[in-house]
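The values are calculated or read from the model by the stated rules, or taken from the named source; none is laboratory data. It should be emphasised that the depicted structure is a prediction, and the values quoted were computed from it without experimental measurement. With ideal geometry, Cβ positions are generated from the backbone for all residues, glycine too; neighbour counts draw on all protein chains shown. The area values use the complete protein model at the heavy-atom level, side chains included, leaving out ligands, DNA and RNA. Shrake-Rupley method; radii C 1.70, N 1.55, O 1.52, S 1.80 Å.
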Amino acid sequence: MTIPRRASGRAAALGAVSALAAALALAPGGPATASPAVPAAGSPSGPASAPSSGPHAREDAFARAATQFGVPQSVLEAVSYSWTRWEGHAGQHSTDGGYGPMHLVDGAAFERDGRDGIPAGGERRLAADTLGRASDLLGVSPQVLRDDPSANILGGAALLADKQHALGLPTGTSSDPGAWYATVADASGSPERDTAVTFADDVYAVLAAGAARTTADGQAVSLPPTRSTPRRADVTRLHLAAPRTDPRLDCPPGLGCAWVPAPYAQYGPGAGDYGNHDVAHRPVSPRLTTIVIHDTESSWDTTLKLVQDPTYLAWNYTVRSSDGQVDQHLDPKDVGWHAGNWYVNAHSIGIEHEGFAAQGATWYSEPMYRASARLVRHLTDEYGIPRDRAHIIGHDQVPGTTPSTVAGMHWDPGPYWDWEHYFALMGAPLSARHGAPGHDVVRILPGFENNIQPVTGCTTAGAPCPAQGTNFVPLHTAPDASSPLVSDTGLHPDGSPSTTEVADIGARATAGVEYAVAGRSGDWTAIWYLGQKAWFLNPTHERTAITVGGLLVTPKAGRTSVPVYGRAYPEASAYPAGETPQAVVPLQYSMAPGQRYVLTDAAVPTDYYKAKTFSPDTPGDHVDIVGQDRYYEVSFGHRVAYVRAADVDVVGR
């Protein structure tokens with residue numbers, strides 16, 4: 001919630017303070033000085049009922065707050081869902097100081113910490129002190145609003161009611177939810193019309209579809225679908241600014257993108273002393289096939305400084321955690337240096353998300369998911385990239401280029417990125433496209449909030465990470481939870497089992513990824529994974545995978561082993577005379593007779609984009625060298641991989 005703080009002349013009119021304090025038992029810190037008064041229009045209609053406890057306490061808090069402040073409960077819940085998905089985060093703040101289910105921002109914290117929110121090359125981002133404003137309206141200590149989710153919800157309801165009254169719009173729990181559209185747009189905190197309207201449209205999409213989930217602290221909240229007609233014309237009452245436009249931006253309307261360019265600059269005397277990306281002519285040359293999802297492992301300000309450093313490296317977009325702000329750094333036609341695999345770089349758009357993989361939900365916010373999903377939906381439509389988990393991948397799915405690079409490949413966005421929710425926001429739910437029962441391919445879909453798997457090493461090696469939802473199922477050597485995890489020879493060359501350490505992805509099958517079934521035993525299913533059978537729990541009463549359709553690859557008859565590659569480079573004869581061919585080096589994995597792997601792309605480009613000098617006009621440079629050899633992309637393990645078409649047969653399921 002980001003409504004600017006101002007002097008609260010309406011505190012008395014909006015707050016039956018003593019009743020609120022009694023209902024919430026707000027003794028800690030004591031209520032702020034205010035005079036109880038007769039409730040006015042848009043104000044509480046009477047004392048709040050006593051707070052409840054148990055798994056429905058948060059839903060009850062929404063009902064009490066809606067009644068207390070005359071806000072339709074559906075609107076209050078939809079706004080909260082669009083900020084935090086109803087999470088309280090145990091009193092911890094988001095990256096811009098937002099607390100609790102209503103994301104009340106402690107703007108004073110920015111002043112105390114000396115944070116000014118100035119992104120490099122951008123405008124000042126003011127932190128609205130909505131926590132302080134709600135504190136004034138309720139007459140309670142700001143600390144209470146930080147620590148108590150029920151009080152936090154009351155604060156959010158008070159802010160919405162206050163704004164609705166100030167705009168001269170209808171109030172009351174029975175008022176038309178559509179009449180709150182302008183107030184909801186204002187709650188976005190954006191001074192720009194398109195961004196504010198996009199937030200409001202998201203809230204009303206939640207209203208229309210409904211939502212239900214159990215939060216990380218065990219609170220069950222549901223929002224039934226609510227029919228309403230948003231009164232979009234009321235937004236003119238907010239006097240918002242027209243959107244900024246920049247012809248260099250490649251973003252969907254209303255997303256609120258800013259152009260913060262990565263420099264293409266020479267910083268040394270050598271032809272190769274330049275950064276931090278390469279010019280190209282995508283999607284024609286090379287062809288765009290993939291979007292890679294990253295996290296920054298640094299704060300927003302640090303990230304923007306890095307991407308503007310010509311001696312560092314660049315990616316195409318960055319998404320901010322606090323509000324989903326998107327900054328674009330490269331035109332998608334150009335090649336960023338982001339994936340650690342030049343072949344993948346040449347064919348992908350890289351999107352960084354502010355956050356730290358080991359901290360998960362602390363950084364991966366609902367505004368971030370929504371903004372990123374809207375961006376990816378736009379890019380996949382524009383460039384014809386399939387909206388699936390073989391073409392929208394994590395950095396943790398990018399393969400090493402040679403055996404020596406496998407162990408050093410990255411593992412972000414990590415086990416706490418909610419792929420299922422992300423794809424649902426794109427309009428491409430991973431649960432869709434079921435095949436007929438009995439097929440021997442599964443798509444991993446374990447859920448997220450309730451899929452709490454053992455993960456260690458987030459802060460200290462071997463120490464358990466805080467319990468939270470995860471996006472994977474662990475893979476075992478036998479249909480038994482006490483059996484060792486399978487080994488990944490790229491990460492554990494000695495053949496030792498994989499571990500539960502947060503960075504050890506060697507025995508994880510992640511949501512949305514498809515695998516060929518290798519066997520079944522009771523509640524367990526085996527898949528072919530890195531050249532071995534890997535078992536995961538898939539009970540009939542609570543499936544962690546669904547059956548899907550498609551094609552498989554298997555070694556051609558007579559082949560004792562099929563090599564697996566981390567890039568699809570051309571054959572030597574494809575290179576011009578005098579040009580040294582790039583080595584086509586198999587990884588340390590192989591495909592054995594009888595094994596099957598899911599064919600995820602039968603038309604991957606066989607090419608090498610040569611870009612070694614600063615000047616795009618250098619003869620023979622910045623060219624795409626295309627071969628005749630054919631490769632298939634396959635789901636081979638946690639990462640994607642490539643096999644030569646000549647080595648395998650394609651079979652139906």
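Take the alpha carbon gyration tensor of region 372-468, find the square roots of its eigenvalues, order them as a ≥ b ≥ c, and report rounded if a/c is under 1.5; if not, report prolate when a/b exceeds b/c, else oblate.
prolate
Average projected area of the Cα convex hull of region 203-278, in nm²?
So the mean shadow area of the Cα hull is 10.7 nm².
In the calculated pair distance distribution of region 274-339, what percentage of Cα-Cα distances lie above 14 Å?
Of all Cα-Cα distances in region 274-339, 59 percent exceed 14 Å.
Take the Cβ-Cβ distance between Ser404 and Ala90 as r, set R0 to 56 Å, and report the resulting FRET efficiency rounded to the nearest 0.05.
Rounded to the nearest 0.05, the efficiency is 0.85.
Suppose every Lys and Arg Cβ carries +1 and every Asp and Glu Cβ carries -1, with no other charges. What dipole size does the chain come out with about its Cα centre, to the nearest 20 debye?
Result for the chain is approximately 1120 debye, rounded to the nearest 20.
Give me the three principal axis extents of region 496-635 from the C-alpha atoms, as integers in angstrom, largest value leading.
Rounded to whole Å, the extents work out to 63, 39, 32 Å.
Could you check the simple spin-label distance between Ala212 and Arg387, using points 7 Å along Cα→Cβ, in nm with one decimal?
2.5
Can you give the extra length, in nm with one decimal, that the chain gains between Ala205 and Ala166 once fully stretched, where that is 0.36 nm per residue apart less the Cα-Cα distance?
11.5 nm
Rounded to the nearest 5, what is the percent of antiparallel bridges among the DSSP beta bridges in the chain?
Bridges in the chain are about 80 percent antiparallel.
Could you rank Trp411, Trp417 by how accessible they are, 1.4 Å probe, largest area first?
Ranking Trp411, Trp417 by accessible area, largest first, yields Trp411, Trp417.
Evaluate Rg over Rh across the chain, taking Cα atoms for both radii and Kirkwood's formula for Rh.
Taking Rg over the Kirkwood Rh, I get 1.01.
From the mean inverse distance of alpha carbon pairs (Kirkwood) and the Cα radius of gyration, derive Rg over Rh for region 595-653.
Value, to two decimals: 1.15.
For region 579-586, in order, what is each residue's ³J(HN,Hα) by Karplus, 6.51 cos²θ - 1.76 cosθ + 1.60 with θ = phi - 60°, in whole Hz (x at glycine and Pro)?
Coupling constants for region 579-586: 8, 6, x, 6, 5, 9, 10, x Hz.
Averaged over every viewing direction, what's the projected area of the C-alpha convex hull for region 456-576? Give it in nm², one decimal, please.
It is 11.8 nm².
At 7 Å along the Cα-to-beta-carbon direction for both Leu249 and His378, put a label point, then send me their distance in nm to one decimal.
Distance between label points: 0.7 nm.
Pull out the extension gain between Val284 and Asp480, defined as 0.36 nm times the separation in residues minus the alpha carbon to alpha carbon distance; nm, one decimal.
Extra length from Val284 to Asp480 when fully extended: 65.6 nm.
Rounded to the nearest 500, what is the chain's calculated 222 nm mean residue ellipticity when only DSSP H runs of at least 4 contribute -39500 (n - 2.57) each, over all residues?
Computed ellipticity for the chain at 222 nm equals -6000 deg cm²/dmol.
Amide H of Ile392: which non-local residues (sequence gap of 5 or more, or other chain) have their own amide H closer than 5 Å, using H built in the peptide plane?
The answer is Ile291.
Would you mind putting 503-516, 195-208 in packing order, based on average other-beta-carbon counts within 10 Å, highest first?
503-516, 195-208
Once fully extended, how much extra length lies between Glu571 and Ser496, figured as 0.36 nm per residue of separation less the alpha-carbon to alpha-carbon distance?
That works out to 23.5 nm of additional length.
From the mean inverse distance of alpha carbon pairs (Kirkwood) and the Cα radius of gyration, derive Rg over Rh for region 212-252.
Dividing the radius of gyration by the Kirkwood radius yields 1.22.
Which peptide among 523-535, 470-482, 143-155, 228-240 comes first, and what is the full order, when sorted by highest mean count of other Cβ atoms within 10 Å?
The peptides rank, most packed first, as 143-155, 523-535, 470-482, 228-240.
Need one number: nm distance between label points at Arg237 and Thr302, each 7 Å from Cα along Cα→Cβ, rounded to one decimal.
Using points 7 Å along Cα→Cβ, the separation is 4.4 nm.
Over the alpha carbons of region 545-601, what is the largest minus smallest coordinate on each principal axis, giving the biggest first in Å?
Principal axes ranked by extent give 50, 25, 20 Å for the Cα atoms.
Set Lys and Arg Cβ to +1 and Asp and Glu Cβ to -1, take the dipole of region 241-350 about its Cα centre, and tell me which of Ala262, Ala346, Gly324 lies farthest positive.
Towards the positive end, the residue furthest out is Ala346.
Just to check I understand the Karplus step: with θ = phi - 60° and J = 6.51 cos²θ - 1.76 cosθ + 1.60, what whole-Hz values come out for region 133-142, glycine and proline as x?
Listing the rounded values in order: 5, 5, 4, 5, 5, 8, x, 10, 5, x Hz.
Can you compute 3J(HN,Hα) from phi for each residue in region 423-429, using the Karplus curve 6.51 cos²θ - 1.76 cosθ + 1.60 with θ = phi - 60°, rounded to whole Hz and x for Gly and Pro?
6, 4, 5, 6, x, 10, x
What's the FRET efficiency of Ala432 with Ile452 using the Cβ-Cβ distance as r and R₀ = 22 Å, to the nearest 0.05?
After rounding, the FRET efficiency stands at 0.30.
For the pairs Lys305/Lys610; Lys556/Lys610; Lys305/Lys333; Lys533/Lys556, flag any whose C-alpha to C-alpha distance is greater than 30 Å.
The pairs that break the limit, which is 30 Å between Cα atoms, are Lys556/Lys610.
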